[in-house]
1. On the basis of being at pLDDT below 85 and under 22 Å from A:Gly79 (Cβ atoms), does A:Ile148 make the cut?
2. Could you check the stretch A:109-132 and list, in sequence order, the residues that are surrounded by 14 or more Cβ atoms within 10 Å (Cβ to Cβ) and free of Cβ contacts under 8 Å to residues at least 24 places away in the same chain?
3. Name the residues in the stretch A:94-108 that are surrounded by 14 or more Cβ atoms within 10 Å (Cβ to Cβ) and out of contact with any Pro (no Cβ under 9 Å at 6 or more places or on another chain), would you?
4. Across the stretch B:62-79, what is the number of residues that are within 14 Å of another protein chain (Cβ to nearest Cβ) and crowded, with 21+ Cβ neighbours inside 10 Å?
5. For the stretch A:137-144, indicate whether the set of residues that are more than 11 Å from chain B (Cβ to nearest Cβ) and either small (Gly, Ala, Ser) or under 22 Å from the mean Cα position of the chain (by Cα) (or both) is non-empty.
6. If you scan the stretch A:18-36, which residues turn out to be loosely packed, with under 12 Cβ neighbours inside 10 Å and facing chain B (nearest Cβ under 7 Å)?
7. Considering only the stretch A:21-45, how many residues are hydrophobic (A, V, I, L, M, F, W, C) and at pLDDT below 80?
8. Taking strands (runs of 3 or more DSSP E) that fall entirely within the stretch A:75-163, which contain at least 1 residues that are in contact with an Asp or Glu (Cβ under 6 Å, 6 or more places away or on another chain) and under 27 Å from B:Arg143 (Cβ atoms)?
Amino acid sequence: MARQHHYRRRTKDPAELDMTTFLNLMVVLVPFLLITAVFSRITIVELNLPSSAAGAAPSEPALRFEVIVREQGLEITNGTSMIAKLPKVEGEYDLLALSELVQALKHDHPDEQDASVLLEPEIEYDHLIRVMDAVRSAELTQPGDEGITRVALFTDISIGDAP
Amino acid sequence: MSRNRLKPVRMNLTSLMDVFTILVFFLLVNSANTEVLETPKQITLPDSVVEEKPRETVVVFVSPDQVTVQGETVAFVRDILASNDPEIGAIGDKLSELSDKVIGLKTQAVTQSREVTILADRSVPFSVVKRVMSTCTGRGYERISLAVLQKASQAPQSAQS
C-alpha cells in the first residue's frame, strides 16, 4: 500500500538528473581557472636602437626631433635648436602639452617618422615609457564621432643619453 | 507536517549550472592561449598603449634590486649604480653563455632570435636600463623590446576629451 503510493508519486515528478558530481567539478574548476586566468596583458615596445656594429649612421636625416627628459622638465629640439621647453607641472611631466606639440610637429612634417627620446641618468623608467607613448601616438576625439581614434605620430623612436 | 520536514529541500540548480558551464568554457579558452611572458609578481611594469604581442626571446628582468637573465640572477642594481662601466660584465657573460652553450629546444629558439625583452620595474633609473640595453647590443642581441602592461587609453588625453 505504502509502496504503491510511493511509486505513484514518483511518476508524477519530472525525471531528475543527479548533478551533484558535475556541480562539484564545476565548483572546483571555476575558482581554479579564475586564479590562473591572466587579466593583465603584457605587450612590448620595440626599439629602434643604433646597432653597435654599424657605427655611425650613414646619413643623418635633415630633421631629427629630440625630446629631452630632464629632472626639471621636458625640452623639445629639432637636433640643432630648441623648439620648446616644458617645465614640470605639479611635479609631473607635462605630457599633455608635449602631445600637442608633437602633433603640431607631425602636422608640419607629415613624412617624418623618426624621433629620439633622450633622458638624464636618474630619470625613472616609467617616465621613459610615458614620454615614448606621447611621442608615438595621440588619441583624438573626432567631432561628431563618439569613439577615440589613435593617430600614429613618430613611430621610430630611438633613446639615448641627454646631452 | 513532519513528513514535509523530512523531505530533502530541493534547490533548482539549473541556472547556476548554466552560469558555471559558461564560465568554465570561457576560462578554459582564456587559459588555452598561454601568454609568452608571465606576469612578474615582484615588479610593476609601466603602462603603455602599444599593442604588439611579445615573442619568444631572451628575457631580462630588472627589478629594483637585481637583474635576472632567463630566470637566473646575475647582477645587483646597486653594484651597477656603483660602477661606471658602460657595460655590465655579468649580464654580458650570461648572454654569451646562453648563445654558446645551448641546452634545450626552448633556449635554442630563444637565442636564435637574437632578441631581448627587458622587463623593468617603473622605478628603475634610466642609467641602469640603458646599461643593460647597451650590454645586450654589445653581445649581439640587437633587437630589444621593452615589456609593458597594456592599458586602454592614454590617461591625460582621455581626461582632456
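The values are calculated or read from the model by the stated rules, or taken from the named source; none is laboratory data. Worth saying up front: this structure is predicted, and the values here are computed from it rather than measured. Note that each Cβ is placed from the backbone with ideal geometry, even for glycine, and that neighbours are counted across all protein chains shown.
1. Considered against the rule, which asks whether it is at pLDDT below 85 and under 22 Å from A:Gly79 (Cβ atoms), A:Ile148 comes out as no.
2. Across the stretch A:109-132, the qualifying residues are A:Glu124, A:Tyr125, A:Asp126.
3. Correct list: A:Ala97, A:Leu98, A:Glu100, A:Leu101, A:Val102, A:Gln103, A:Leu105, A:Lys106.
4. Qualifying residue count, the stretch B:62-79: 2.
5. Yes: the stretch A:137-144 contains one or more residues that are more than 11 Å from chain B (Cβ to nearest Cβ) and either small (Gly, Ala, Ser) or under 22 Å from the mean Cα position of the chain (by Cα) (or both).
6. Pass one, the stretch A:18-36, residues loosely packed, with under 12 Cβ neighbours inside 10 Å: A:18, A:20-21, A:24, A:28, A:31, A:35-36.
If the condition is that a residue be loosely packed, with under 12 Cβ neighbours inside 10 Å and facing chain B (nearest Cβ under 7 Å), then A:Thr36 is the only one that fits.
7. We begin by selecting, within the stretch A:21-45, every residue hydrophobic (A, V, I, L, M, F, W, C); these are A:22-23, A:25-30, A:32-35, A:37-39, A:42, A:44-45.
If we keep only those that are at pLDDT below 80 too, we end up with A:37-39, A:42.
Matching residues across the stretch A:21-45 total 4.
8. Because the criterion is at least 1 residues that are in contact with an Asp or Glu (Cβ under 6 Å, 6 or more places away or on another chain) and under 27 Å from B:Arg143 (Cβ atoms), the strands (runs of 3 or more DSSP E) in the stretch A:75-163 that meet it are A:114-119, A:148-152, A:156-161.
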